[in-house]
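The values are calculated or read from the model by the stated rules, or taken from the named source; none is laboratory data. Nothing here was measured: the structure is a model prediction, and the numbers come from that model. Every residue, glycine among them, receives a Cβ derived from its backbone with ideal geometry; neighbour counts consider all protein chains shown.
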Amino acid sequence: MCELTTSQKHIITELNNSRGEYKPAFMQIRIHDSYDGNIDELDIPTLGTIVHEYIHFLQNVSTPWGLYDSMVRYNIMAETYAFVENATSTITLPLDIDYSPELANKIAIVKCGMGYCPLADTRRNDFKIDVNERICIHRKYKQLNNRILPVITLDICFTDGSKQAITLGANIIKESMAALYQMLIDETATHERYDLPYNLVKIIAEQHFSAIASDNIKLITICYISLFSVDTN
């Protein structure tokens, strides 16, 4: 429907590399192991997974960014439904819809704030960061209609020797925050091959803000605060 839509490749990657997932359209948390409803009987890894996915639920319903993002997605659904309902000729797939100027502007804001989504990147299957190479941080600004939005880009080196410039945004912030919470429950949930998106905030803190790098609660709080604006980075 638009570039905001989660790709099928992203869904497959999540299913293969996690023990559960959160489905925002239906506000459902699903785990891949059996569960009879008694949370006290869950093993530590499964409990950690539930906490991780529950944090995503809270991010979506309790922060201005989550609510704005949801509003835009539902507006997309409404205008798509109206397009189909009012069509006077044969509809072909994929749909090519000219959204209203107001919605198109909101979509642009969300895309800017979302930043890079590693799990939707089909070019890579290993996101382990070379922590011996310092991540370079760049700040610039992008104008969207009458708004000036900050854009943070990062130059990252991976252990396979490759380098990549990415845009930091809500995708990575939300996953890093959820992973930090998960590791409070399950210390083994290190997401070793997926430093992007799960460990990036921690690695940046270790390299650039060493005074708070060991304080996971403070890192979680910073991630959460950043979601109280459409300028998440």
**Message:** Condition first: of a type outside the set (D, E, K, R) and assigned to a helix (DSSP H, G or I). Now tell me which residues in segment 51-64 satisfy that.
**Reply:** V51, H52, Y54, I55, H56, F57, L58, Q59, N60, V61, S62, P64
**Request:** Only one of these is in contact with a strand residue (DSSP E or B) (Cβ under 6 Å, 6 or more places away or on another chain) and farther than 22 Å from P45 by Cβ: K218, K140. Name it.
**Result:** K140
**Asked** Of all the residues that make up segment 119-139, how many are surrounded by 15 or more Cβ atoms within 10 Å (Cβ to Cβ) and either among the aromatic types (F, W, Y) or within 21 Å of V151 (Cα to Cα) (or both)?
**Response** 5
**Message:** Here's a check for you: in segment 195-233, which residue that is in a helix (DSSP H, G or I) and polar (S, T, N, Q) is surrounded by the fewest Cβ atoms within 10 Å (Cβ to Cβ)?
**Reply:** T221
**Request:** Being within 15 Å of the chain's Cα centre (by Cα), of a type in the set (S, T, Y) and surrounded by fewer than 20 Cβ atoms within 10 Å (Cβ to Cβ) is the filter here, so list the residues in segment 51-74 that pass it.
**Result:** Y54, Y68, S70
**Message:** Exactly one condition in (1) out of contact with any Phe, Trp or Tyr (no Cβ under 6 Å at 6 or more places or on another chain); (2) modelled with pLDDT under 95; (3) under 26 Å from L149 (Cβ atoms) is false for I97; which is it?
**Reply:** (1)
**Message:** When the residues of segment 153-204 are narrowed to those that are of a type in the set (F, W, Y) and within 22 Å of I137 (Cβ to Cβ), which ends up modelled with the lowest pLDDT?
**Reply:** Y194
**Fill in**
With the first residue restricted to segment 146-168 and required to be touching a residue at least 24 places away in the same chain (Cβ under 8 Å) and under 29 Å from S229 (Cβ atoms), and the second required to be polar (S, T, N, Q) and exposed (fewer than 12 other Cβ atoms within 10 Å of the Cβ), Cβ contacts under 8 Å at 6 or more apart or on different chains are L149/Q143
**Asked** Among the residues of segment 93-116, is any under 20 Å from E175 (Cβ atoms) and part of a loop (DSSP other than H, G, I, E, B)?
**Response** yes
**Item:** Selection count where residues are of a type in the set (V, I, T), assigned to a strand (DSSP E or B) and under 20 Å from the mean Cα position of the chain (by Cα), scope segment 125-183
**Value:** 8
**Asked** Does G48 count as over 17 Å from the mean Cα position of the chain (by Cα), on the phi < 0 side of the Ramachandran plot, assigned to a helix (DSSP H, G or I) and surrounded by 15 or more Cβ atoms within 10 Å (Cβ to Cβ)?
**Response** yes
**Prompt:** Got at least one residue in segment 168-187 being under 28 Å from P45 (Cα atoms), loosely packed, with under 12 Cβ neighbours inside 10 Å and out of contact with any helix residue (DSSP H, G or I) (no Cβ under 8 Å at 6 or more places or on another chain)?
**Reply:** yes
